[in-house]
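Asker: Quick one: this structure, given as C-alpha cells, is what I'll be asking you about.
The values are calculated or read from the model by the stated rules, or taken from the named source; none is laboratory data. Remember, it's a predicted structure, so these values are computed and weren't measured experimentally. Neighbour counts run over all protein chains shown; Cβ positions are idealised from the backbone, glycine included. Remember, those area values only see protein heavy atoms, side chains included, never the ligands or the DNA or RNA. Shrake-Rupley method; radii C 1.70, N 1.55, O 1.52, S 1.80 Å.
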Amino acid sequence: MNLNDDSWKLNAFVDGELDLAGQLEIEQRMELDDALRQQVETLRALSVAVRGKADRHEAPAALRSRISAMKHAIRPQAPTTARRAQSALRPVATALAGWLSWRPLVTSMAAAAVFAVTLNVALLQSSKQERLMDEAVASHVRSTVGPHLVDVLSSDHHTVKPFLSSKLGFSPPVAELPLPGSVFVGGRVDYLDGRPVAALVYRQGDHVVNSFVWPESASDSKPEFATERGYRIAHWLQGGMHHCVISDVNREEFQRVVDAVRATAAS
Amino acid sequence: MGDEENWRRFEQLAMPHLDAAYNLALWITRNTDDAQDVVQDALMRAMRYIGSLRLESARPWLLQIVRHTCYTWLKENRPQEKVLLDDPEDAWRDLADASSTEPPAIAIRKAERAQINAAIAALPVGYREVFVLRELEELAYNDIARIAEIPIGTVMSRLARARALMRAALAPATRPALRTVPRPAQTGQKP
C-alpha cells in the first residue's frame, strides 16, 4: 500500500505536478532516504532517455497533402466526408500508377540512373551535414547539462558582441529576439565543424535555444530543418554567415524562433 | 462562417498540431498506414467542429478527437486488442520492486533508441497513450486527463504503471546469483 501511494506521488513529483507542499515533502524525504532518491533518479533517467531517444513521429508529406486536399473535398458539406475524401484521392493514385507501369523498363532505368547520381551527391553532402548536426546536438546538450551555458552572462548585446568578436576574429550578429517569452541569456565560444563559432543563448519559456554562427562565404539559402535525437535543428546561410539554431521547443515555436533569428540577422 | 473562413481557422488552429496528432495515432495503432487514415478521418471530424473551438485549447482538443478516432478504429479493425484499463494491481506490484546491484538509472541511461521504442510499443495501449502524451508531447496532467477522458487520479496511476513497466523492460534486475555473494551490510545497494 505504501509502495503504491509513493509511486504515483513520485511520478507526479518528477513531472512537477504536485502542489508546493507535496514537492517540498518529497524533497525533504529524499535527503534522508537513499532508496527514495534512487527511485526519483530512475524516473528522471527514464524521462530523459525517452525524450532524447524515442521516436516522435512527424506527419509524412503524403498525409499533409491529403489533409490539404480536404479543402476541396469539404465543400459539399456532407455528413460523412472522410471516406469519400479518401476515395476522391484514389483516382489520382491509380492514374499515376497506370502511367508508371506504362513503360516499366524505361521508367525504372531512368529512375535508377537518377537515383544513383543523386545518391552519390547526397551521400557526400549528407555525411558532412550529419556530422554538423551531430556536433550541434552535442554542443547544445553539453551547454544545457553542464555548467558552461554561457561565457558572458548578459542580456545586453553591447556587452556580448565585443566579447565574442575579440575571441573569434569575426563579428557575429547579436540581438535579442523579438518574440514573446524569449530571453537573451548571453553568449559563448564553441566549436563546430572544426572551427570556433559564436553561440548565442536564449531561453524560450523553459527551453534553451542555442544559435550558432560562423562565417562562410556562400550565397544565402533557405533554412533546412531536421530533427536529431529529439532536438530540432535549422541551418541556413545568410549575409556571409552560417546559422545553425537548435532547441527542444515544439515545432511551431521552433519555426517562430528561426524566423526571429533570421529577421534579426537581416537587420 | 463560410467554408473559406472555416478552412482558414482550421489551418491556423488545427494544422500546427498535425505532427502531434500523427505521433499519437501512430503510437496507438502502431502502423503507419492506419495512423495516416485515422488522422485524416480525425481531422475531417475536427474540421466540422472547428467553429466551436477556442484558440488556447487547440492541441488537447485535436488530440482528443484523434484518440477517439483511434479507438473507434481499433474497435472496428482490431477487436482482439485488449484495452487494458484499471486492472488489479497484481503483475505490476512485482515489477516495481525489482532490485538490482546496478542502479536502474544507469541501465536506463544506456538504453538504445530501438530498445526504448520497442518498450513503449509493448505497453498496453491504455498506459501507452498516457505515457506518450506525457513524455513525447510533454502535456500537463490536466490536458492528458481531458484527452484520454479519465480523471487526473487515473492519469497518475496509469503513468506510474507505464513507467514501472518501462523500467522493468529497460533495467531488468541483474542475475539473482550476484546477490547471494555475502557483502558487508552497509554496501548493499549503492556502489
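Asker: Of the residues in region B:132-152, how many are within 8 Å of chain A (Cβ to nearest Cβ) and closer than 12 Å to A:ALA12 by Cα?
Answerer: 3
Yes/no per residue for (1) in a loop (DSSP other than H, G, I, E, B); (2) open to solvent by less than 30 Å² (accessible area, probe 1.4 Å); (3) of a type outside the set (Lys, Arg):
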position: A:LYS167; (1), (2), (3): no, no, no
position: A:PRO172; (1), (2), (3): yes, yes, yes
position: A:PRO178; (1), (2), (3): yes, no, yes
position: A:VAL183; (1), (2), (3): no, no, yes
position: A:TYR202; (1), (2), (3): no, yes, yes
position: A:SER221; (1), (2), (3): yes, no, yes
position: A:THR227; (1), (2), (3): no, no, yes
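Asker: Taking only region A:16-40 into account, find how many residues are within 7 Å of chain B (Cβ to nearest Cβ) and closer than 23 Å to B:GLY153 by Cα.
Answerer: 1
Asker: Moving on. Restricting attention to region A:84-101, does a residue exist that is at the interface with another protein chain (Cβ under 7 Å from one of its Cβ atoms) and modelled with pLDDT of 80 or more?
Answerer: Checked against the condition, which is being at the interface with another protein chain (Cβ under 7 Å from one of its Cβ atoms) and modelled with pLDDT of 80 or more, region A:84-101 yields no hits at all.
Asker: Moving on to the next point. A:ALA61 is checked against (1) open to solvent by less than 70 Å² (accessible area, probe 1.4 Å); (2) under 29 Å from the mean Cα position of the chain (by Cα); (3) more than 9 Å from every other protein chain (Cβ to nearest Cβ); (4) not charged (D, E, K, R) and fails just one. What number does that condition carry?
Answerer: (1)
Asker: Are any residues in region B:21-56 more than 9 Å from chain A (Cβ to nearest Cβ), surrounded by fewer than 17 Cβ atoms within 10 Å (Cβ to Cβ), without any contact (Cβ under 8 Å) to a residue 40 or more places away in the chain and under 22 Å from the mean Cα position of the chain (by Cα), and if so, which ones?
Answerer: The answer is B:ASN31, B:ASP33.
Asker: With the requirement that a residue be more than 7 Å from chain A (Cβ to nearest Cβ) and either open to solvent by less than 20 Å² (accessible area, probe 1.4 Å) or closer than 18 Å to B:GLY126 by Cα (or both), what does region B:1-20 give you?
Answerer: Initial filter on region B:1-20 (more than 7 Å from chain A (Cβ to nearest Cβ)): B:1-2, B:4-6, B:8-15, B:17, B:20.
Of everything in region B:1-20, those that are more than 7 Å from chain A (Cβ to nearest Cβ) and either open to solvent by less than 20 Å² (accessible area, probe 1.4 Å) or closer than 18 Å to B:GLY126 by Cα (or both) turn out to be B:ASN6, B:PHE10, B:LEU13, B:ALA14, B:ALA20.
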